[in-house]
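What follows is a set of notes on a single structure, which appears directly below.
Since every read-out is calculated from the coordinates, none of them should be taken as a lab result. Given the structure is predicted, the values throughout are model-derived calculations rather than measurements. Note: ideal-geometry Cβ built from the backbone for every residue, glycine included; neighbour counts use all protein chains shown.
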Ligand code: HEC
């Protein structure tokens, strides 16, 4: 008797209750959605952030950088070549907290103070240039440079790129010529490209570390005549560079103690 009641009365009633919400007068409406998450994913989009989380607008998110970083200390899989893998390790030298505001480095791994000065000790580019790979590195560097840097720094690295010439850069200041920066250590160049410096933005989320070290070589060829060309013995160049850097270092250190 009881079972009959469930079958004949309750089940149809439940069915009607479940079906009712799907009745909508608007023919284009899908009716009430039981699981909206399945139709509209609350996933955070990489480059477009509407600040929407589960239907609520989140102004905080809307105004922040939306390109998300991978969880801290993860590195992309780049194969098993040890030198390449170690190049991809998390950056040892960090930008200062202030970079968060000035360079939009929200969520980056930063330190209290900028560690830019410490990178004067990084005098060896871990992407070793040899006679065999020099052409490859410089041609890759050229492509990266054309895509990411030339509009400001200019084709010849003189700081007079199309953005400066057209006035689009405005009066934000001068883009330095690379020639005038030839005492910078490789580490400082890397640091500045990775985190940005002054009016130059951070490129750490746009380029991987190998690409940045490639660009460090490319910046060098603006500064050192014949850099990476076969006639020149590249190792000698880098040895010279190390010497000047360590000489500079000594001076700085002496200066520090005075
Ligand atoms: C928006 C224009 C702009 C772009 C794009 C740009 N730079 Fe710069 N760059 C600057 C400015 C301005 C400075 C001077 C920063 C300062 O010292 O205040 C600078 C400085 C530098 C320096 C000297 C850093 C130092 O430590 O003194 C290097 C090296 C450099 N840029 C390389 C690059 C490379 C490589 C790229 C491409 C990935 C690039 N820049 C993209 C504007 C730009």
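Here are a few things to note about the model shown:
- Taking 0.36 nm per residue of separation and subtracting the current Cα-Cα distance, fully stretching the chain between residue 37 and residue 62 would add 7.0 nm.
- Exposure proxy shown here: for 11, 105, the number of other Cβ atoms within 10 Å sets the order, fewest to most, as 11, 105.
- Most to least packed among 111-118, 135-142 [average Cβ atoms within 10 Å]: 135-142, 111-118
- Residues 60, 155, sorted so that the one with the fewest Cβ neighbours within 10 Å comes first: 60, 155
- Estimated D of segment 175-231 in µm² per second, where Rh is the Kirkwood radius over Cα pairs and Stokes-Einstein applies at 25 °C, 0.890 mPa s: 206
- Listing 83, 25, 205 from fewest to most neighbouring C-beta atoms within 10 Å gives 25, 83, 205.
- Were the residues from residue 200 through residue 84 laid out at 0.36 nm apart, the gain over their Cα-Cα distance would be 39.1 nm.
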